[in-house]
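The values are calculated or read from the model by the stated rules, or taken from the named source; none is laboratory data. Keep in mind that this is a model prediction, so the values were computed, not measured. With ideal geometry, Cβ positions are generated from the backbone for all residues, glycine too; neighbour counts draw on all protein chains shown. For accessibility, only protein heavy atoms count, side chains too; no ligands or nucleic acids. Shrake-Rupley method; radii C 1.70, N 1.55, O 1.52, S 1.80 Å.
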Amino acid sequence: MRAATTLSVLVLAAGGVGHAVVTSMNTGIARVDPFKDMKNRPEAGNGMNILLVGTDGRDKITKEEKEKYRLGGAPCHCTDTIMVVHVSEDRDRASIVSLPRDSYAEMPEHTDATSGEHHKAHPVKLNAAYAEGGPSLTTRTVEHMTGVKIDHYLEVDFTSFMKTVDVLGGVDICTSSALKDSHTGLDLAPGTHRLGGGEALQYVRSRHIDGASDLGRMQRQQRFLAAFIAKATSSGALLNPVRFRAVAATLLGSVRADSGFGTTEMYALAQAMRGFSPASSEFTSVPIGEMGHRVKGIGTTLKWDDAKSKKLFAALREDRPLAAPRPRGPRATTVDVSPEQIRVQVDNGTPTAGLGKRVDAGLRATGFRTTGLPGNGLRRDLTRTLVTYDPRWDRSAQTLAAALPGCELKAVPGQGGTMRVTAGTDFRAVTPVRALDPHQGEFGVVTGDQVVCP
């Protein structure tokens, strides 16, 4: 959610609309000093590291919007989202790493920004650093935990996020399953949705959709950011000076940044990133070693996997890609349940010899656990491929249906965990499918083009 603000400024400025259009907005950026009195900092690596911090500020949101989008209550004056964005030295890649707000953190020795009280180093949840010491303590804590030297700091709130999405004309989000969260009011049916500012805020804030909680929320934030970049680069906003200025002014109007990162620097960086696209971005979050690490006086925290997190941040310092090289081939459709978890029996419902074998082989090639023994069904005149399934495995059935576009789905109570496919004469080929692992944001990496709508 927060990276959208920064990267979009860079992407928009790269459109070449004009240096003056961007630099004229420099006075709209509020300034902070996140590096004040910082000592013993990590050594600088290659590329640029930007710490993106999102607060839960909602002072400028109307009463009607607060009620509609469930934004009631007092803000905690803490960080709602923290991301480290690494822009490669050659400016052709951005690596975005989400830091869970409930991460177990060792707060460095500091003086409380509010009370003036001096504190020795002590354990906290990561999002508490902002409340105790503002941007400076947040930056110090992140550097201490990651070993990555932060070059620039950027901070935005709920209001700027909503307005920016609206000015851009909304962002398209796809989901293979229903998304519903009573806390934020999010209610999306399976399919593609164009979200306005308020709906987009509900989407990126929701953490009560499933058991993934904050980790699932970070995945959705990453998917949204990829979709935002795709919209910004394909909507014509880059080439229309009037629209560009409206979007850029909204983006910069409520940003807080360090004094060394002005619009001139943003423009120069953006010019070097002219070819940036969703495929140029990669997303992950810090690997978690212990999900429910309890700390006296703090509660349940997320403790990072020491070995894996060190490896992750070493890659950032060394300016190496986080995503493994992808084999060439057709793009896979994103589904909710991994095909590797689904067992399938294939039958031939037509007189065409070998059709069952073709379907079985196609499904197996994309990851389904087929029996490898296709049979002949009771019907030999089937024109439309039929998938029967037990209603208890309805999400798995949706994955199978995505691999067989146009098939008929039929629920059969009591069928059990094995899906049954009866091939019809309409079968042409199996569409490759892949699932975002439930812990994808925790252990894996996805690129922007993998998660945007087809």
TODO: For region 186-193, state whether one or more residues are without any contact (Cβ under 8 Å) to a residue 40 or more places away in the chain, of a type outside the set (Asp, Glu), assigned to a strand (DSSP E or B) and crowded, with 22+ Cβ neighbours inside 10 Å.
DONE: yes
- [ ] Name the residue, out of 403, 353, that is open to solvent by less than 30 Å² (accessible area, probe 1.4 Å) and of a type in the set (A, V, I, L, M, F, W, C).
- [x] 403
Open item on the list: Filter region 274-299 down to the residues that are under 21 Å from residue 220 (Cα atoms) and of a type outside the set (Phe, Trp, Tyr) and list them by number.
Closed with: 277, 278, 279, 280, 281, 282, 284, 285, 286, 287, 288, 291
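Please tell me if residue 387 is touching a Cys at 6+ places or on another chain (Cβ under 8 Å), of a type in the set (A, V, I, L, M), open to solvent by less than 20 Å² (accessible area, probe 1.4 Å) and within 28 Å of residue 173 (Cα to Cα).
Values: touching a Cys at 6+ places or on another chain (Cβ under 8 Å): yes; of a type in the set (A, V, I, L, M): yes; open to solvent by less than 20 Å² (accessible area, probe 1.4 Å): yes; within 28 Å of residue 173 (Cα to Cα): yes.
Taking the combined requirement at face value, the residue satisfies it.
Take residue 161 and decide whether it is touching a strand residue (DSSP E or B) at 6+ places or on another chain (Cβ under 6 Å) and part of a helix (DSSP H, G or I). Steps first, answer last, please.
Values: touching a strand residue (DSSP E or B) at 6+ places or on another chain (Cβ under 6 Å): no; part of a helix (DSSP H, G or I): yes.
So residue 161 fails the test.
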TODO: Would you confirm whether any residue within region 320-342 is without any contact (Cβ under 8 Å) to a residue 60 or more places away in the chain, more than 30 Å from residue 147 (Cα to Cα) and open to solvent by less than 60 Å² (accessible area, probe 1.4 Å)?
DONE: no
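Check every one of the strands (runs of 3 or more DSSP E) wholly within region 363-454 and list those with 1 or more residues that are under 28 Å from the mean Cα position of the chain (by Cα).
Numbers: elements: 386-389, 408-411, 418-423, 433-435.
Strands (runs of 3 or more DSSP E) meeting the threshold: 433-435.
Just a yes or no: is a residue in region 123-142 at positive phi and open to solvent by 40 Å² or more (accessible area, probe 1.4 Å)?
Pass one, region 123-142, residues at positive phi: 134.
Filter once more, keeping what is open to solvent by 40 Å² or more (accessible area, probe 1.4 Å): none.
No; the residues of region 123-142 include none that is at positive phi and open to solvent by 40 Å² or more (accessible area, probe 1.4 Å).
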TODO: From the list 57, 45, pick out the single residue that is assigned to a loop (DSSP other than H, G, I, E, B), modelled with pLDDT under 85 and of a type outside the set (Val, Ile, Thr).
DONE: 57
TODO: Please state which one of 429, 423, 411, 365 is in contact with a helix residue (DSSP H, G or I) (Cβ under 6 Å, 6 or more places away or on another chain), exposed (fewer than 15 other Cβ atoms within 10 Å of the Cβ) and aliphatic (A, V, I, L, M).
DONE: 411
- [ ] Filter region 382-403 for residues that are touching a residue at least 60 places away in the same chain (Cβ under 8 Å) and of a type in the set (Val, Ile, Thr) and give the result.
- [x] 399
Task: Count of residues meeting criterion [in contact with a helix residue (DSSP H, G or I) (Cβ under 9 Å, 6 or more places away or on another chain), in a strand (DSSP E or B) and of a type outside the set (Val, Ile, Thr)] in region 172-185 - done: 4
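Give region 85-106 a look and list any residue that's assigned to a loop (DSSP other than H, G, I, E, B), closer than 16 Å to residue 288 by Cα and open to solvent by 10 Å² or more (accessible area, probe 1.4 Å), or say none. Quick ask: steps written out before the conclusion?
Step one: filter region 85-106 for residues assigned to a loop (DSSP other than H, G, I, E, B), giving 88-93, 99-102.
Keeping just the survivors that are closer than 16 Å to residue 288 by Cα gives 99-102.
Residues satisfying the conditions are 101, 102.
Would you call residue 110 farther than 14 Å from residue 54 by Cβ and in contact with a Lys or Arg (Cβ under 9 Å, 6 or more places away or on another chain)?
Details: farther than 14 Å from residue 54 by Cβ: yes; in contact with a Lys or Arg (Cβ under 9 Å, 6 or more places away or on another chain): yes.
When the stated conditions are applied, residue 110 passes them.
Go through 141, 159, 164 for me and flag whichever is among the polar types (S, T, N, Q), free of Cβ contacts under 8 Å to residues at least 40 places away in the same chain and out of contact with any Asp or Glu (no Cβ under 6 Å at 6 or more places or on another chain). Before the answer, list the steps.
Values: 159 fails: free of Cβ contacts under 8 Å to residues at least 40 places away in the same chain; 164 fails: free of Cβ contacts under 8 Å to residues at least 40 places away in the same chain.
The match here is 141.
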Open item on the list: Of the residues 256, 317, 245, only one is surrounded by 13 or more Cβ atoms within 10 Å (Cβ to Cβ), of a type in the set (Lys, Arg) and at pLDDT 85 or above; which?
Closed with: 317
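Is it fair to say residue 209 is at pLDDT 85 or above and under 16 Å from the mean Cα position of the chain (by Cα)? Break it down into steps so the answer makes sense when it comes.
Details: at pLDDT 85 or above: no; under 16 Å from the mean Cα position of the chain (by Cα): yes.
So residue 209 does not fit the description; no.
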- [ ] Residue by residue through region 125-152, note down the ones that are touching a Lys or Arg at 6+ places or on another chain (Cβ under 8 Å), under 26 Å from residue 197 (Cβ atoms) and outside any loop (DSSP other than H, G, I, E, B).
- [x] 135
